[in-house]
Amino acid sequence: MNKPDNQQKAVSSAVTPRAQDYSQWYLDVIKNACLAEHSPVRGCMVIRPHGYAIWEKMQRELDDRFKATGHENAYFPLFIPLSFLTREEKHASGFAKECAVVTHHRLKSVNGEIVPDPDSKLEEPLVVRPTSETIIWAQYKNWIQSYRDLPLLINQWANVVRWEMRTRLFLRTAEFLWQEGHTAHATEQEALEETWRMLDVYADFSENVMAVPVIKGRKTEGERFAGALETLSIEGMMQDGKALQMGTSHYLGQNFSKGADVKFQNREGQLEYVYASSWGVSTRLVGALIMTHSDDAGLVLPPKLAPVQVIVIPIYKSEEERVKTEEEAKKVAAELKALGVAVKVDAREGIMPGAKYYEWEGKGVPLRIEVGPKDLEKGSLCIARRFVAEIKGETPEAQRKRRKAFLPRAEAISSVVPTLAAMQKELLERARTLRNDRTRVIDKLEDYEKFFKGEGGGFAWVHWAGDAAQEDEMAKRFETSIRCIPFEDQVPPEAKGEGVCILTGKPSKQRVLMSKSY
């Protein structure tokens, strides 16, 4: 019964090993897991159902956290009048080269071709949203009059367009999905607290849901969000040692309220400009998930973000066995669903069990349960894990054996929830170990060059007292950048203390985090 069918085959694409070609491996994992693909529009991607389901899980987790901290969702226009950006020239300059602009509102047919109708030219061009500060603050002017209207805590789930020329699925595309928080406050202190609070929300989500350890810190002046007085970020390390900026939170001061003339009457009856923050994460997090956890067999997902946590596969040779194993598979799935597990039964005909195993492994499903005739006779189930914690010196064959367990039926079902929890923890520990193994405290420029050019790089804690031009010099010489100026509690003991700048030799009060990056 489980013979392959030319009309219906499981996904079976090969994945390029990471050691051979990391960039191709990343693309292969995405293709094999059916996460996304390129679209007919240059630089834009199609997010396939499995990839979008992961994003939806992220949305739910984050949205719950936003609402728990008092935020509400709203939606603002995709189109922004050009004059709004002109008012915020410093802010707009950060996106000017990436903006898509709408100039006409109608098409017409001319000699069999569809072209913009010259008579439909807009009086004012509209910019397709690169970020929403200007359009949102124009609206806030109508909403805020008194200190009683503050704080205003708004989040928006939306798409944005930044016309990237060098794109990579999930990491950098012309159009991407994100959330952007925009808050208004009566005092500088409240706005600063909000900026830090939301960075902590992102860090908690990254570590406890994504299982990606991050380092929190401030961006240098040259790396700040355009128009911000302070930009905070979380930085994760990918398996190739490069950093990925996973989220940012910005203290905007009164810059945007002044640009939009948003004033409020304070408790003393005086008019004052409000203070602001903004913060956001995007579908880039899906790319971070892939590059942090996946292996040469394909996608690996932390259970908390797996759309399907357990796949149940009936195995049979005859019609009688098919009926019995499918019935048992459905019962197992129902019991797991009652425990809060996201479970699915793969009863597709015409596909060999091995092909199903390969497909679901490539899609990153944490656990597989096999139900065969012998399992029915013995009252047992076979449980296979997508991955196990690594043991130094262990052979691939020995690891494969550890991934499978044959357990009495009741024990197997009761083991699923704790096993998923253990796998979530193991992924975080594995990612943290990788980061620690590829992090160095470096004091000499020759050691810095050796680390990034000869040893493949990673994270480097270095003393720094240079300026923006010298940051550019480091970028040109070593293809590295200052990822952040870390908060005190993020710096390991061996990297604390004063020293001298690795480039200039000037006195330095603390180290910064440097790395190659995406």
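The values are calculated or read from the model by the stated rules, or taken from the named source; none is laboratory data. Predicted, not measured: the structure shown is a model, and the values here were computed from it. No Cβ is skipped: glycine too gets one built from the backbone with ideal geometry, and neighbour counts run over all protein chains shown.
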Could you tell me whether region 448-471 includes any residue that is surrounded by 14 or more Cβ atoms within 10 Å (Cβ to Cβ) and closer than 21 Å to Val343 by Cβ?
-> no
Among the residues of region 307-328 satisfying the criterion of being outside any strand (DSSP E or B) and under 34 Å from the mean Cα position of the chain (by Cα), which is surrounded by the most Cβ atoms within 10 Å (Cβ to Cβ)?
-> Gln309
Of the residues that make up region 278-298, is at least one surrounded by fewer than 23 Cβ atoms within 10 Å (Cβ to Cβ), of a type outside the set (A, V, I, L, M), more than 25 Å from the chain's Cα centre (by Cα) and not in a strand (DSSP E or B)?
-> no
For region 223-233, does any single residue satisfy the condition of being over 23 Å from Leu289 (Cβ atoms), assigned by TED's automatic domain parsing to the domain that holds Leu78, at pLDDT 95 or above and not in a loop (DSSP other than H, G, I, E, B)?
-> yes
Which residue out of Ala174, Ala191, Ala186, Ala158 is touching a Lys or Arg at 6+ places or on another chain (Cβ under 9 Å), at pLDDT 95 or above and farther than 22 Å from Gly51 by Cβ?
-> Ala186
Filter region 477-496 down to residues that are over 27 Å from the mean Cα position of the chain (by Cα) and loosely packed, with under 14 Cβ neighbours inside 10 Å and give me whichever is nearest to His250 (Cα to Cα).
-> Lys496
Close pairs (8 angstrom Cβ cut-off, 6 or more residues apart or separate chains): hydroxyl-bearing (Ser, Thr, Tyr) in region 216-228, in a loop (DSSP other than H, G, I, E, B) and surrounded by fewer than 23 Cβ atoms within 10 Å (Cβ to Cβ) anywhere | none
Restricting the search to region 109-145, which residues are of a type in the set (Asp, Glu) and either assigned to a helix (DSSP H, G or I) or over 37 Å from the mean Cα position of the chain (by Cα) (or both)?
-> Glu113, Asp117, Asp119, Glu123, Glu133
Options Asn142, Asn159, Asn155: the member that is in contact with a His (Cβ under 6 Å, 6 or more places away or on another chain), on the phi < 0 side of the Ramachandran plot and either surrounded by fewer than 17 Cβ atoms within 10 Å (Cβ to Cβ) or assigned by TED's automatic domain parsing to the domain that holds Val29 (or both) | Asn155
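Each row is one residue, and each column tells you yes or no for (1) in the same structural domain as Ala342 (by TED's automatic domain parsing); (2) in contact with a His (Cβ under 9 Å, 6 or more places away or on another chain); (3) touching a residue at least 60 places away in the same chain (Cβ under 8 Å); (4) not in a helix (DSSP H, G or I).
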{"position": "Arg432", "(1), (2), (3), (4)": "no, no, yes, no"}
{"position": "Phe452", "(1), (2), (3), (4)": "no, no, yes, no"}
{"position": "Gly456", "(1), (2), (3), (4)": "no, no, yes, yes"}
{"position": "Arg477", "(1), (2), (3), (4)": "no, no, no, no"}
{"position": "Asp489", "(1), (2), (3), (4)": "no, no, no, no"}
Looking only at region 235-277, count how many residues are over 18 Å from the mean Cα position of the chain (by Cα), of a type in the set (A, V, I, L, M, F, W, C) and over 14 Å from Thr134 (Cα atoms).
-> 3
Residue check, Ala405 against (1) under 21 Å from the mean Cα position of the chain (by Cα); (2) of a type in the set (A, V, I, L, M); (3) over 30 Å from Pro486 (Cβ atoms), all met but one. Which one?
-> (1)
Restricting attention to region 167-204, and to residues there that are aliphatic (A, V, I, L, M) and assigned to a helix (DSSP H, G or I), which single residue is surrounded by the most Cβ atoms within 10 Å (Cβ to Cβ)?
-> Met198
Can you tell me which of Leu336, Leu289, Leu376 is out of contact with any Lys or Arg (no Cβ under 8 Å at 6 or more places or on another chain) and not assigned by TED's automatic domain parsing to the domain that holds Ala36?
-> Leu336
